[in-house]
Amino acid sequence: MTMENEYEKVEAELTRTRENIARLEKEMEDKPDYGLGEGDPAIVRWELNQALLQQSRERVASLEQALSRLEQGIYGVCERCSSPIHPDRLAVLPDVRLCIRCARTAGSSYLSSVPGRQQNT
Ligand SMILES: [Zn+2]
């Protein structure tokens, strides 16, 4: 695994996530009238976007940390037990910080901090 490729991959993911945030923010400029009632599709959609926006912002922070670990040369090393993280796992979760064994013992609280990526880990 060459770190240069990893760096590009994390940066690309970061760019994509930032674009996503920009798109969501634009879409959310038109806040629906809550007078429509809670179940109105416009409101449901707005609230969904808000949740996505929050997740995307957390993801940006996580990816930025991954970049700084790459710069420090500690990328791909488990934060908890210092074992190398399997390349397949890094391929799916470029900003992952724990090896699969530690992630399992850390439980769902850690996994839930990786938005939308709870599966296939
Ligand atoms: Zn570990």
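Residue-by-condition table, conditions (1) within 16 Å of the ligand (Cβ to nearest atom); (2) touching a residue at least 60 places away in the same chain (Cβ under 8 Å); (3) crowded, with 19+ Cβ neighbours inside 10 Å; (4) not basic (Lys, Arg):
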site: Ser56; (1), (2), (3), (4): no, no, yes, yes
site: Leu63; (1), (2), (3), (4): no, no, yes, yes
site: Ser68; (1), (2), (3), (4): no, no, no, yes
site: Pro87; (1), (2), (3), (4): yes, yes, no, yes
site: Ala91; (1), (2), (3), (4): no, no, no, yes
site: Pro94; (1), (2), (3), (4): no, yes, yes, yes
site: Cys99; (1), (2), (3), (4): yes, no, yes, yes
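So is Gly107 of a type outside the set (D, E, K, R) and in contact (Cβ under 8 Å) with a residue 40 or more places away in the chain or not? Here the answer is no, as Gly107 does not meet what is asked. For the stretch 71-85, a residue qualifies if it is of a type in the set (Asp, Glu) and surrounded by 12 or more Cβ atoms within 10 Å (Cβ to Cβ), and exactly one does: Glu79. Can you confirm whether the stretch 17-31 contains a residue that is closer than 14 Å to Asp95 by Cβ and of a type outside the set (Lys, Arg)? Looking for residues that are closer than 14 Å to Asp95 by Cβ and of a type outside the set (Lys, Arg), one finds at least one in the stretch 17-31, hence yes.
Could you grab me the full set of residues in the stretch 17-41 that are surrounded by 13 or more Cβ atoms within 10 Å (Cβ to Cβ) and assigned to a helix (DSSP H, G or I)? Selection gives Thr17, Arg18, Asn20, Ile21, Arg23, Leu24, Glu27.
None of the figures in this text is laboratory data; all of them are computed from the coordinates on show. Computed from a prediction, not measured in an experiment: that's the story for all the values here. Cβ atoms come from the backbone with ideal geometry, glycine included; neighbour counts cover every protein chain shown.
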